[in-house]
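Contents: one structure, followed by commentary.
Please treat every number below as a calculation from the coordinates, not as lab data. For clarity, every value in this text was computed on a predicted model and none was experimentally measured. Note that each Cβ is placed from the backbone with ideal geometry, even for glycine, and that neighbours are counted across all protein chains shown.
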Amino acid sequence: MNRFDGRVAIVTGGAGGIGGASARLLAEQGAKVVVADIDEAAGAKVTAEICAKGGEASFCRVDVTAYESVEALVQFAMDTYGQLDIMFNNAGVFGDGLQNVIDMPMETYHRTIAINQHGVYYGIRAAAAQMRERGGVIINTASIYAFIADRNQFPYHASKAAVVGMTKAAALELARYNIRVVAIAPGMIDTGLVDAWRADERVWNTIQKAHMRRKLGTPEQVAQVVAFLASDEASFLNGHAYCVDDGALSFKR
Ligand SMILES: NC(=O)c1ccc[n+]([C@@H]2O[C@H](COP(=O)([O-])OP(=O)(O)OC[C@H]3O[C@@H](n4cnc5c(N)ncnc54)[C@H](O)[C@@H]3O)[C@@H](O)[C@H]2O)c1
């Protein structure tokens, strides 16, 4: 008997680092997984890998900035697998270029908020509307940047703090339907999202040193936490954001 036998999961950002690793692990542990992403080619690849290993997965294109698209994604899961038990609202961007309070183009701000914040709200809303009949788990990807500030990353901080706030408020409201809502707050994880910093050795060293064991995390390490939070073993966990950061927030640098 696998941990997630008989369960259906949606993973947004499922084509990416954390989402891809989580989709693979959930499927390995028995879930039927809808890999959802705006990047069709990469999403189809993750889906094919899962199926090739004997797992059950389907790809559905989604743009999390459009509520109709997220609703259609949830409907796709219902039409394909007949239920929805786990919603992992994970799609997100870091953004590039100027991101400081005064000079940042408004478009940069709005785009980051649309994906990282509105996208999570739409996912909570569409999933909960289905889950309220039989309960479920909603996991949102925040960041340690919800809790601390760095320069030139203003919209990212704003959006991830909002994810933590939405997690608490939704958990409280949805408790009556036996829907748990939790968030993960990763430190720096070695995915495409941090590629821009890899080339500069000085910057890369600083990022590594931000963690107690001076290394970035892997998407697979985060996926293990996601699977735990989605499982019955985590049945008393609700309404919090859990740091997955090798202690990054716990020491002075
Ligand atoms: N990598 C890190 O260091 C780190 C740290 C903390 C939090 N996070 C968060 O983890 C989540 C996953 O990021 P990752 O590190 O795996 O990066 P990633 O770039 O590998 O994955 C992000 C995925 O989101 C998808 N996406 C972007 N815009 C979308 C949209 N409008 N609709 C649907 N999908 C869209 C991308 O196509 C991509 O596949 C993000 O929310 C990110 O903010 C990452």
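May I ask for the angle, rounded to the nearest 10°, between helix 119-131 and the longest principal axis of the chain, with both axes built from Cα atoms and the value confined to 0 to 90°? Rounded to the nearest ten degrees, it is 20.
At q = 0.10 Å⁻¹, what base-10 log of I(q)/I(0) does the Debye formula yield for segment 8-243 when every alpha carbon is treated as an equal point scatterer in vacuo? Cα-only, vacuum Debye calculation for segment 8-243: -0.43.
Once the Cα-Cα distance is subtracted from the 0.36 nm per residue extended length, the residue 201 to residue 250 segment shows a gain of 15.2 nm.
Counted over segment 42-166 with a bin width of 10 Å, the fraction of Cα pairs per bin, in whole percents, is 13, 37, 31, 16, 3, 0. Between residue 194 and residue 148, the distance separating the two model label sites (each 7 Å from Cα on the Cα→Cβ line) works out to 1.3 nm. Taking the longest Cα principal axis of the chain as reference, the axis of helix 67-81 is set at about 40 degrees.
With 0.36 nm allotted per residue and the present C-alpha distance subtracted, the residue 111-residue 49 stretch has 19.2 nm of extension available. Remark: spin-label model distance residue 208-residue 175 equals 4.4 nm, labels positioned 7 Å along the Cα→Cβ axis.
Only helical runs count toward this figure. For the chain, summing -39,500 (n - 2.57) over DSSP H runs of n ≥ 4 and dividing by all residues gives -13000 deg cm²/dmol at 222 nm.
The stretch between residue 80 and residue 67 holds 2.7 nm of extra length on full extension. This uses 0.36 nm per residue minus the Cα-Cα distance.
The packing ranking, built from the mean of other Cβ atoms within 10 Å per residue, places the peptides 16-24, 108-116 in the order 16-24, 108-116, highest first.
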